[in-house]
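Here is the structure we will look at.
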Amino acid sequence: MAARTAMGSAQTRSDVESRIEQRKMRSAFAIFLFSMSVPYFMMINVRYIMSGGFIPPALDQTTGAIQTVLLVISLLTAVAAVRRVQQGDGRGYKRMTDVTLFLGGVGTLMQGYELWYHPLNPMSHYGETFLATVGLSVVMGLVGLLVLAAGRERVKRIGVTPERQLGYELSSWYWVFTVITWVALYVELYLL
Amino acid sequence: MDGEDRSKETVGSDAVEVDWSRRSFLIGTSSVLAASAIALFESSNIAKAFSALNGLQVDSGLTKVYQQDYYYIPNQMTWRVGTPMTLHIHNLSPTHFHEMQIGRGGFQRDPNYYTDLRIQFNEDFWDGVPVTIKEEHAVDNLVTNKAIVTSIPKPGPWLITAPGNGNFSPTLRPGGSISLTFTVPNKPGIWEYGCFVQGFIHYADGMKGTINILPA
Amino acid sequence: MSVARIGDAPLPLRKKQIMPPVIRGLLWAGIGFLVVNCLVAYLLDPQYGDPFITQPSVVFGWIAATAGWLLGIGGLENVLLPSFGITVTYPEATGWRRYFAYSTNHKVIGIQYLVSSTGGFFIAGLAAMLMRIQLMGDHMWFFPYAGQYIETVGIHGTIMMFSVGTVALVGGLGNYLIPMMIGSNSSAFPRMSALSVWLVPAGIMTVILSPLLGEWTTGWRGYEPLAQNDPNGILFYYLGVLALTLSSLMVSLNLTTTILFKRAKGLTWNRLPMYAWGILAVSLLNIIWLPEIEITFILAVLDRVVPLPFFTAVGSPITYLELFWLFGHPEVYIIVVPAFAIWMEIMPVMARKPLFAREWGIIGLIFVMMLSGFVWAHHMFTNMRLTEMLPFSFFTEMISIPTGFAYMVVIGTLWRSRFRMTVPSLFVLMSMFNFLIGGMTGVFLADPVINLQLHDTFFVVAHFHFTIIGGMVFTWLAAMYYWLPKFSGRMYNSKMGVLGAIWVFIGFDGAFSLMFIQGLRGMNRWVPVYPPYLQGINIVISIFAFILGLGFLFNLIHIAWAMKSGKKVQENPWQSKTLEWQTTSPPAEESFAAAPVVTGSFYDYEDDDESFSIPTTPGPVSM
Amino acid sequence: MADLLIFGVLWVVFSVLGELGVSAWGHNFYYYTASTQALDGLSASVFLFRFLTPIFVFVVLMLIFIPLRARRRSRDSVVRGKGARFNATYVTIWVTLSLAVNLLFFVHPTTSAAEQMFKEMSPQAEQHDLVVDVVARQWQWFFSYPQYGIQNALNANGNNVLYLPVNRPVEFVLRSYDPNHPYAVGLDVIHSFWIPAFGEKMDVIPGETRYMVATPTKIASTETNPEVRVQCAEVCGPGHPYMYATVHIVSDAAFKQWVKQQLKAGN
């Protein structure tokens, strides 16, 4: 990324070149996400090793469902924010990201609530995997929120240019990744 | 994944000559390295120097001894003959049992094939000493040996008064504690205390301390 | 940095005195630790008896300290604030200072990694020397307590594995060389690696200071459920290794992207240098397995801090072993795969011959990488079900086939060549010899029935030291001598280099080949006391080990001396064709003034005579 | 061609020397064997040694011979090497041979010896075995003989001791818990039950029961040969080095005598 600025601004280069550059960055981001998905695979495995398919009746299904719905809506707004930024609409991006931040923040708070006031015995095999898995999701969610907040602040301060567009896009995509992994974890922890 | 590198762009118009002093760098880094080396290898000597600075502090009344894996806090104490004491022993280890024997006069040894393990002290400090158990929590067992023990809490099967079970030793489960009230008997001199549980390994791994008992 | 705008009168420079970044990082780390530790220990989670440090407080304190360290070293102005769109001018250091600060230059980062690794190597080596002193007696005599000895073993192994083995050839040489080898002036994410490099000293310091929290006795593996039983020092093991693996993970993300997307024009997959192939294979291993072990370690920390019963005696202790070795065996290939690649990089240059059967060498690297995920359970033959043994035994034996391809390629390259016996080539030959012994003894260990006797004895210790020191450290030395003119524009002293090589070889082979015998005679691992009949052989091993330690020190001093005041040499003293040699030595700030274009293979030496031609169109550099 | 010939001769000579060395020293690989299982492992090792010797000699000789033969002398005018960049015969032979050798190893010592071991551990084979319950705790071994009613075998000094009759298969039942504090599961860690002279070891896992079968073949004891000892092989805390017990392999009659003496002592 720094190399790009070193080579000069976007105006002096052809569109093709910048598109190739963007494709490179997207592929690198995909590798990053691939690496980041390993912990989730592991936690899903660990749950089946530890407690099989058991789901305790004490589990708070309602809170889980509500936070999942909130997060899925925030995923949609994050995708909408990407649309906006691709059209060069910085204000739209900021608005959409605000919604994402709010919904994502509430969803993550609810996860944190579940973590703190869990109805499960942490010494039980399901309880331990539940806590660790939700904890992983909360930490990743907090990172995602931080990245989103950074993108929002940045767009407020500097605005969107074709040069900077990718950073905004990727921060939103990272949130999309966080939500998708949570949905997978939700299905695995609450339903299967 | 944020994309941009702006700090460089603005530097050009706002040129600053960086200057961080070589001396502060060298002093800072080398003192950190020295501090870590000292922390690793000399911490016990420094602790000794500090306790020497404090001078001789004679314990009396409530004295707390914490047990950890595998050491005591404190690992040295000073008592005076005739002082009334309440020794509160607390096992802070989350996993391990610990005991506290006090004695001197060398060790009974384990005559095994190739190691030299110490089983317990030859001379038991508590021989003939009247001791009152004021409170107990999660005590695994208390071997009374030749001490004269009265217990305020209801004694359970953990109180082992039968002879032949070794020296006086309260063994605490993880998180357990016990308070022993007694008057320091007329046995002045240097005494040692130690933990000999789990095949005597705790003592072999440094779980020990000394008591200097001053004459009255 | 002094900048003058062209056409203007030079601006008066504002002088600004700032705190050295390293000092500021340390300060912020200390403040972060104190504040957060006290906050947790006294306010959020007070515990009986008011201990200053509790398990939760030290974990959160460590996180704050690491964050403070990274921000203080320059992360605040260069990464955190810019990502929020706040522009701050934080001047970039120049000269020697930039090695002690945040720098986005991949060559500076490479050197920073190498120095950290070397520091870790000698710290862990000192630990090994202390162990060998203790082992000269059959009872406790040097260390006061057995636990301290076992902890020293753990610190030695941990630092060697995670700050030297996985770092030196990947983070160090990889960061320095890979962008140059593929004709690029920078790596893909220079700011990420500018920060990741500072996680290495943080991780090393964490592991070294772990005794302050209490001795831990699990060896380099953090074995459960023993780790749950040990005093608190194990927390710093987990956290320190977390920092070190995180650093390696970032290096791998960076180098993979660099190799995939920043290659020069004309540098097709068919022409990609072997070392880049090696780094690619290693990076894929890192990208898959490092997150895996990091999560395992986080679960282990949660086991102690929350506590959860994942891996305790009432949980599932075997699951930890499975998860650890699932990473643990790829880890040893993370260490040696770049070494194989360096053999294949150095040998054709020294042999003046095309690399023999290049495709097979690449196939070997790739298959080693893939098979390494199927062999982990051979570390667990003593605790697994009988029926599960044979598949793992099968894959373990099969992995020697792709490993052998590296030998096939090098031997084929050497055959009927014009071989230059230089210090790097000597080290490579020694490395191949030692790794061969490591591999052959591995055949015995792959056999379950023999493994049940040899497992957890010094036979295993000797075996993996032959693969890791033999495979990786000897190759690291070869690489340091080979690329020394690149780093510094100077040459080592041949006689001293040969002396260093032979010195290390004698010390190493003497010490570790005797360990095979010792293990067969019943010396088990992690013991400071042992039956008296083993004392004689232990004393001999210790003497060889001291020779080895001094030998490494000798090589370090020689390399440092040669870098500073060795004889000056021309830019490409080996007449190598790979791209990193087509620049000035030492390279300029921007390695290539114009982007190079590759027009031929790097390993074609057969058509040349004395006048040697460069297969690239290097642009303005050579004009 | 001359190179190839010289190399071939050297290879044969050194391989033969190596094989002679294996014949002379190979039976000593385990140093001391006191069980059939150790002998099985030893014969597997010797087989591997026999096959690995020529391979080892081949590669080492290559690493020494080629650099010496191909070394560039200062008077050389030609700096380039002459060899090919690919030689199908060489690569084919190398790949085929390494595949063949590894498959052979997998079939012969690995699978065959493992099958043998599985057979010894099968329930049918164990019917007449002596059963020894082994309990590992931090940092001590306890042995009990349920068939004879011995709760905790001790010697005169009060140390745990293992007595075994010679030539009778023994089934060790391995568990890890603290018999003095059976309610304190937090103390359980992994140990590894190893008698070096028996040529095998088995981990002792908390919460699980593992088995190990051995048939002692020699009358020996820790005093006569220290390789006949129970040793913990998996690190288990600061007491790990001290976690061992003495072993006595005795005649049947002496074993019966010992059982009587233990029962009399109330162990």
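The values are calculated or read from the model by the stated rules, or taken from the named source; none is laboratory data. What you see is a predicted model; the values in this text were computed from it and never measured. Don't worry about glycine lacking a Cβ; one is built from the backbone with ideal geometry, like all the others, and counts go over all protein chains shown.
Structure data summary
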read-out: Qualifying residue in the stretch D:188-201 (condition: in contact with a Phe, Trp or Tyr (Cβ under 7 Å, 6 or more places away or on another chain), over 28 Å from C:Arg221 (Cβ atoms) and in contact (Cβ under 8 Å) with a residue 24 or more places away in the chain); value: no
read-out: Residue match in the stretch D:49-72 (condition: at pLDDT below 90 and assigned to a loop (DSSP other than H, G, I, E, B)); value: yes
read-out: Cross-chain or 6+ apart pairs with Cβ under 9 Å, the stretch B:32-60 first and free of Cβ contacts under 8 Å to residues at least 12 places away in the same chain and not assigned by TED's automatic domain parsing to the domain that holds B:Thr181, then surrounded by 12 or more Cβ atoms within 10 Å (Cβ to Cβ) and small (Gly, Ala, Ser); value: B:Ile46/B:Ala39
read-out: Number of the condition not met by C:Pro51 [criteria: (1) within 12 Å of chain B (Cβ to nearest Cβ); (2) modelled with pLDDT under 90; (3) assigned to a helix (DSSP H, G or I)]; value: (3)
read-out: Of the criteria (1) more than 28 Å from C:Thr166 (Cα to Cα); (2) crowded, with 24+ Cβ neighbours inside 10 Å; (3) in contact (Cβ under 8 Å) with a residue 24 or more places away in the chain, which one C:Pro532 fails; value: (2)
read-out: Filter pass, D:Tyr148 being farther than 24 Å from C:Gln453 by Cβ, assigned to a loop (DSSP other than H, G, I, E, B) and either among the charged types (D, E, K, R) or modelled with pLDDT under 90 (or both); value: no
read-out: Among (1) in contact (Cβ under 8 Å) with a residue 60 or more places away in the chain; (2) away from chain D (no Cβ under 14 Å); (3) more than 30 Å from C:Asn175 (Cβ to Cβ), the one test that C:Val306 misses; value: (1)
read-out: Selection within the stretch C:218-232 - under 23 Å from the mean Cα position of the chain (by Cα) and over 16 Å from C:Glu294 (Cα atoms); value: C:Thr218, C:Gly219
read-out: Selected residue [in contact with a Gly (Cβ under 9 Å, 6 or more places away or on another chain), of a type in the set (A, V, I, L, M, F, W, C) and more than 7 Å from chain D (Cβ to nearest Cβ)] from C:Val423, C:Val368, C:Val449, C:Val375; value: C:Val423
read-out: Selection count where residues are crowded, with 19+ Cβ neighbours inside 10 Å and not hydrophobic (A, V, I, L, M, F, W, C), scope the stretch B:121-140; value: 3
read-out: Residue in the stretch C:384-402 that is under 21 Å from D:Ser45 (Cβ atoms), within 7 Å of chain D (Cβ to nearest Cβ) and of a type in the set (D, E, K, R) present; value: yes
read-out: Qualifying residue in the stretch C:495-507 (condition: farther than 14 Å from C:Met430 by Cβ, among the basic types (Lys, Arg), surrounded by fewer than 24 Cβ atoms within 10 Å (Cβ to Cβ) and away from chain D (no Cβ under 14 Å)); value: yes
read-out: Every residue from the stretch C:297-317 that is assigned to a helix (DSSP H, G or I) and more than 28 Å from the chain's Cα centre (by Cα); value: C:Asp303, C:Arg304, C:Val305, C:Pro317
read-out: Residues satisfying the stated conditions in the stretch C:23-82, i.e. under 30 Å from B:Val65 (Cα atoms) and under 26 Å from the mean Cα position of the chain (by Cα); value: C:Val59, C:Trp62
read-out: Selection status of D:Met212, aliphatic (A, V, I, L, M), crowded, with 23+ Cβ neighbours inside 10 Å and under 15 Å from the mean Cα position of the chain (by Cα); value: yes
read-out: Contacts under 7 angstrom Cβ, first residue in the stretch A:1-28 being modelled with pLDDT of 50 or more and surrounded by fewer than 14 Cβ atoms within 10 Å (Cβ to Cβ), partner of a type outside the set (Lys, Arg) and not in a loop (DSSP other than H, G, I, E, B), 6 or more apart; value: none
read-out: Counted residues, the stretch B:173-216 - those being small (Gly, Ala, Ser), in contact with a Phe, Trp or Tyr (Cβ under 6 Å, 6 or more places away or on another chain) and part of a loop (DSSP other than H, G, I, E, B); value: 1
read-out: Residue, nearest to the chain's Cα centre (by Cα), within the stretch C:401-424, restricted to residues that are farther than 21 Å from D:Thr53 by Cα and surrounded by fewer than 23 Cβ atoms within 10 Å (Cβ to Cβ); value: C:Thr422
read-out: Members of the stretch A:88-130 that are surrounded by 21 or more Cβ atoms within 10 Å (Cβ to Cβ) and without any contact (Cβ under 8 Å) to a residue 24 or more places away in the chain; value: A:Met96
read-out: Filtered residue count, the stretch D:191-224, keeping only those that are in a helix (DSSP H, G or I) and in contact with a Gly (Cβ under 9 Å, 6 or more places away or on another chain); value: 2
read-out: Test: residue in the stretch D:1-21 that is assigned to a helix (DSSP H, G or I), of a type in the set (S, T, N, Q), surrounded by fewer than 17 Cβ atoms within 10 Å (Cβ to Cβ) and out of contact with any Asp or Glu (no Cβ under 7 Å at 6 or more places or on another chain); value: no
read-out: Residue check, C:Leu321 surrounded by 24 or more Cβ atoms within 10 Å (Cβ to Cβ), aliphatic (A, V, I, L, M) and part of a loop (DSSP other than H, G, I, E, B); value: no
read-out: Unique residue being touching a Pro at 6+ places or on another chain (Cβ under 7 Å), small (Gly, Ala, Ser) and assigned by TED's automatic domain parsing to the domain that holds C:Phe367 when the list is C:Ser252, C:Ser186; value: C:Ser186
read-out: Criterion violated by B:Gly166 - all others in (1) buried (at least 16 other Cβ atoms within 10 Å of the Cβ); (2) away from chain D (no Cβ under 14 Å) satisfied; value: (2)
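Residue-by-condition table, conditions (1) within 14 Å of chain B (Cβ to nearest Cβ); (2) more than 22 Å from C:Ile298 (Cβ to Cβ); (3) not in a helix (DSSP H, G or I):
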site: A:Gly92; (1), (2), (3): no, yes, no
site: A:Thr97; (1), (2), (3): yes, yes, no
site: A:Gly135; (1), (2), (3): no, no, no
site: A:Arg154; (1), (2), (3): yes, yes, no
site: A:Gly167; (1), (2), (3): yes, yes, no
site: A:Ser172; (1), (2), (3): yes, yes, no
site: A:Thr181; (1), (2), (3): no, no, no
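Residue-by-condition table, conditions (1) modelled with pLDDT under 95; (2) among the small types (Gly, Ala, Ser); (3) out of contact with any helix residue (DSSP H, G or I) (no Cβ under 8 Å at 6 or more places or on another chain); (4) within 26 Å of C:Arg420 (Cβ to Cβ):
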{"position": "C:Phe546", "(1), (2), (3), (4)": "no, no, no, no"}
{"position": "C:Asn555", "(1), (2), (3), (4)": "no, no, no, yes"}
{"position": "C:Glu571", "(1), (2), (3), (4)": "yes, no, no, yes"}
{"position": "C:Ser576", "(1), (2), (3), (4)": "yes, yes, no, yes"}
{"position": "C:Phe592", "(1), (2), (3), (4)": "yes, no, no, no"}
{"position": "C:Phe602", "(1), (2), (3), (4)": "yes, no, no, yes"}
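Residues are listed down the side, and each one gets a yes or a no for (1) closer than 13 Å to C:Val461 by Cβ; (2) within 13 Å of another protein chain (Cβ to nearest Cβ):
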| position | (1), (2) |
| --- | --- |
| C:Gly510 | no, no |
| C:Phe516 | yes, yes |
| C:Asn524 | yes, yes |
| C:Val527 | yes, yes |
| C:Pro532 | no, yes |
| C:Ile539 | no, no |
| C:Phe544 | no, no |
| C:Leu556 | no, no |
| C:Lys564 | no, no |
